[in-house]
Amino acid sequence: MRFLQVCKLAAIASAGLTLAHPGAHEPSSFTDMSKRSFLHNARSTLDKCADKLEARGVNARAEARRAALLEKHRKRYISIDARDTDKVVNTSHHSNLHVTANTPADELFSENPVCILAPEGEIGPFWVKGELIRYDISDGEAGIPIYLDGQFIDINTCEPIQDLYWDVWNCNATGVYSGVQSSMNGNGDDDSNLDKTFLRGIAKTDADGVAGFKTVFPGHYSGRSTHVHVVAHLGATVLPNNTLTGGYVPHIGQLFFDQELVNEIEATYPYNTNTVDITQNADDHVVIVETEDSDSDPFFQYALIGDSVEDGLVAWVTLGVNVSASHDSSVSYAATLTSNGGVSNDNAAGGGGQLPSGSGAPPS
């Protein structure tokens, strides 16, 4: 039985949208036609990758790794979530299947989902440069624990992308981002937030293109549904202080969670202390653009660790990346984390400002 279907992650075209969001929306240099063409070509290329990935054992290792991750954190049983790319936000991705600890891994992970990360998405106004390379980014934040597992595949060669740096960040349970001082982000008078690093970090992929994080399920804020920001870095250099410099950015995007899951988590503490209205996935401008024309499904696969959502989740995604693309001109930052703490970017306009000098270009 097929539990996990192939999904596609399209680019986000944000120009002209005026829905509420803390900061400006970044325009895309790609037309709708060019995005659809990219997705079609990438989809065809990835379909041809299946046999190669299988022959090299990449899929088998992904199955074993994700099963081991679940086994490590599971309790009596877990629930596995099925994908439905045809209906996306209007159909629940949560199945009624309860999987016992004895369920074999090949039944859980035999259909490895591949999401195409098409041309540049919206980075949002609160990216912070200078974040640390680390696995546990929870920093003691209250909320539902979630373990993220990401695998990156080169759509041009069908090979896992080794030494890619997966940069993630999301708001906390009450809708606040660390590392940024802004009237659009919690208490705008709290300059101590500049020095905080919760729910931000970078992870390096291994030989199978795999990286992961221990984090906390994101909350929500005005005008946006629950999401995780993603930036991929290639060709970067690790500094002695365990941060990155240089390289280029082949992808910017955002990933989401089933509305049913979000609603269940939002009913728990401390998520339920947030009095801001919840924006549904179906009303989120990024989800709308991602799904209306491109038949994409920008949602994590996930499984519950135990009987209750409070026990935590494991979420995973396999991402197809065009490594020849570069979106450095779209990478803006709100602040920089330095050895002396966070420093706001005075030139930022709603999180503007460009990638710092030293960023390279994709290989020719």
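The values are calculated or read from the model by the stated rules, or taken from the named source; none is laboratory data. This one's a predicted model, so the numbers in the text were calculated from it and none came from an experiment. Neighbour counts are summed over all protein chains in view; Cβ atoms, including those assigned to glycine, are modelled from backbone coordinates with ideal geometry. Heavy atoms of the whole protein, side chains included, go into the accessibility calculation; ligands, DNA and RNA do not. Shrake-Rupley method; radii C 1.70, N 1.55, O 1.52, S 1.80 Å.
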| If Gly179 satisfies every condition in (1) in contact with a strand residue (DSSP E or B) (Cβ under 9 Å, 6 or more places away or on another chain); (2) open to solvent by 10 Å² or more (accessible area, probe 1.4 Å); (3) part of a loop (DSSP other than H, G, I, E, B); (4) under 26 Å from Ser326 (Cα atoms) but one, which is the exception? | (2)
| Which residues, counting only those in segment 157-169, are of a type in the set (Asp, Glu), closer than 21 Å to Ile252 by Cβ and either part of a loop (DSSP other than H, G, I, E, B) or open to solvent by 10 Å² or more (accessible area, probe 1.4 Å) (or both)? | Asp163
| query | What is the number of the single condition among (1) touching a Leu at 6+ places or on another chain (Cβ under 8 Å); (2) hydrophobic (A, V, I, L, M, F, W, C); (3) open to solvent by 10 Å² or more (accessible area, probe 1.4 Å) that Ala142 does not meet? | reply | (1)
| query | From the list Asn172, Asn193, which residue is more than 30 Å from Glu63 (Cβ to Cβ), within 19 Å of the chain's Cα centre (by Cα) and surrounded by 19 or more Cβ atoms within 10 Å (Cβ to Cβ)? | reply | Asn172
| request: Select, from Tyr302, Tyr333, Tyr271, the only residue that is buried (at least 22 other Cβ atoms within 10 Å of the Cβ) and at pLDDT below 80. | output: Tyr333
| Which ones in segment 255-268 are crowded, with 17+ Cβ neighbours inside 10 Å and aliphatic (A, V, I, L, M)? | Leu255, Leu261, Val262, Ile265
| Candidates Val276, Val249 - the one that is open to solvent by less than 20 Å² (accessible area, probe 1.4 Å) and either part of a loop (DSSP other than H, G, I, E, B) or under 19 Å from Asp206 (Cα atoms) (or both) | Val249
| request: Please work out if Thr318 is over 22 Å from Ile133 (Cα atoms) and either open to solvent by 10 Å² or more (accessible area, probe 1.4 Å) or touching a helix residue (DSSP H, G or I) at 6+ places or on another chain (Cβ under 9 Å) (or both). | output: no
